[in-house]
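Derivation of every value follows stated rules applied to the coordinates shown; laboratory data play no part. All values reported here derive from a predicted model rather than from experimental measurement. Cβ placement follows ideal geometry from the backbone for every residue including glycine, while neighbour counts extend to all protein chains displayed.
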Amino acid sequence: MVLNMSKKNIQYIFIKYGDEFTKEYNLSKEQWKVFNAIRNCGTKNLGYHVCTCSECGEEYYGYNSCRNRHCPMCQKYAKEKWIQKESSYLLDSKYFHIVTTVPYELNETFLLNKKICFDILFKATSEAILELSLDPKWLGAKVGITSILHTWGQTMEFHPHIHSIVTGGGLKNNKWISCDKDYLIEVQVLGSLFKNKFLYYLKHEFNNLKLTNNINNLESFNKFLEPLYEKTWITYIEPPKGKPENVIEYVGRYSFRVAIANERIKKVENGFVTFEYKDYKDNSKIKEMTISAIEFIRRFLLHVLPEKFTKIKHYGILTNRNKKDKIKLCRLLISKILTNEFINKVSRVLHQFKCKKCGSSKFYYEYHYDIYQPPN
């Protein structure tokens with residue numbers, strides 16, 4: 001029941017330097033929620049719970065967690081639950097990893113209009129992949145897509161992009177068409193179509209956008225966007241790697257990451273934070289960066305998502321509507337059904353906590369939201 005106040009984690013930084021930060025910066029409603037959730041997670045401020053072993057009655061006490069999706073301490077269980085669910089939709093197929101991103105010139109527009117711009121980013125990405133995969137020149141079938149929104153780079157600066165895991169095959173006229181190449185779509189073609197779709201949808205949202213002072217009418221907005229049509233937008237397609245079941249574990253890691261993991265924080269002292277990052281411009285070398293604690297909190301809170309915004313979305317044959325039936329059909333057509341071995345493995349991860357007295361993993365939970373009083 002003792003809070004682990006390590007001096008090398010995000011919660012410690014928020015507690016020690018948070019008040020100083022809020023004097024300097026104004027927070028949005030969503031940022032305040034995340035700020036307070038992280039500061040109070042696993043402390044007496046959120047109350048406590050009692051776990052009672054259903055076999056022997058042994059009781060265990062613990063502080064409540066905040067369960068906020070931006071809290072690094074609350075993501076492990078959520079990740080394992082998601083992996084367990086999504087593993088039931090695996091196909092014995094190749095899977096491609098596609099990354100779509102926007103130029104830095106659009107960062108300010110994104111920050112002022114997060115929900116609108118994130119929606120467009122998802123829409124342009126999924127439509128481009130589905131449209132090209134349906135083209136007989138590439139695959140000629142409807143693929144399945146799981147897309148995950150990320151908004152940060154290695155140094156926590158704002159960098160909105162989407163990771164999409166795409167099946168290396170799809171459905172056409174109730175037949176499974178398999179991709180027999182090491183690429184699904186040519187990356188330059190995908191990048192160009194994604195760019196045009198994104199800018200098209202962004203223009204159509206002009207009347208709903210909050211814009212900077214120097215962009216105050218449609219003419220100045222179009223002039224701002226004009227150079228972006230000539231620019232090459234970074235798009236990346238990674239060839240298939242490993243077994244299909246590895247894909248879910250891989251996606252799970254991406255899906256439940258926050259802007260920075262506690263493990264990357266190396267030192268917090270004298271108002272500064274030192275953390276590790278991977279420098280992709282220098283052969284992915286691991287380096288260290290030191291910034292003020294105030295700047296660290298500012299960068300972290302840049303990545304707070306709009307309230308109730310879904311950061312994982314499915315498209316194509318993985319769309320929630322008729323998803324189970326589509327997967328059953330695909331498996332029959334592929335004629336290879338994955339075993340339950342991977343799903344069982346994940347289930348064991350979910351139930352690691354066992355009663356120290358009898359070894360049972362079944363518990364009754366009772367939650368309290370008042371101040372914890374240790375039992376006599």
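Here are a few things to note about the model shown:
- Calculated on the Cα set of segment 10-103, radius of gyration then Dmax: 19.2, 59 Å.
- Were the residues from Glu186 through Lys278 laid out at 0.36 nm apart, the gain over their Cα-Cα distance would be 30.4 nm.
- When Rg and the Kirkwood Rh are both derived from Cα coordinates, the Rg/Rh ratio for segment 71-159 amounts to 1.02.
- For segment 263-309, fraction of C-alpha pairs farther apart than 15 Å, in %: 55
- Free-standing Cys, the chain [no other Cys Cβ under 4.7 Å]: Cys51, Cys117, Cys179, Cys330
- Projected label distance in nm at Phe224 and Lys172, using a 7 Å step from Cα toward the beta-carbon: 4.2
- Normalised by the number of residues in the chain, the average gap of Cα pairs under 8 Å and 6 or more apart makes the relative contact order 28 percent.
- Dividing the radius of gyration of the alpha carbons in the chain by their Kirkwood radius gives 1.00 for Rg/Rh.
- Using the average count of surrounding beta-carbon atoms within 10 Å as a protection proxy, the listed peptides 8-18, 201-211, 142-152, 314-324 rank, highest first, as 142-152, 8-18, 314-324, 201-211.
- Its DSSP H runs of at least 4 residues, each contributing -39,500 (n - 2.57), put the calculated 222 nm mean residue ellipticity of the chain at -11500 deg cm²/dmol, to the nearest 500.
- Relative contact order of segment 1-88, defined on C-alpha pairs under 8 angstrom at six or more residues apart (%): 24
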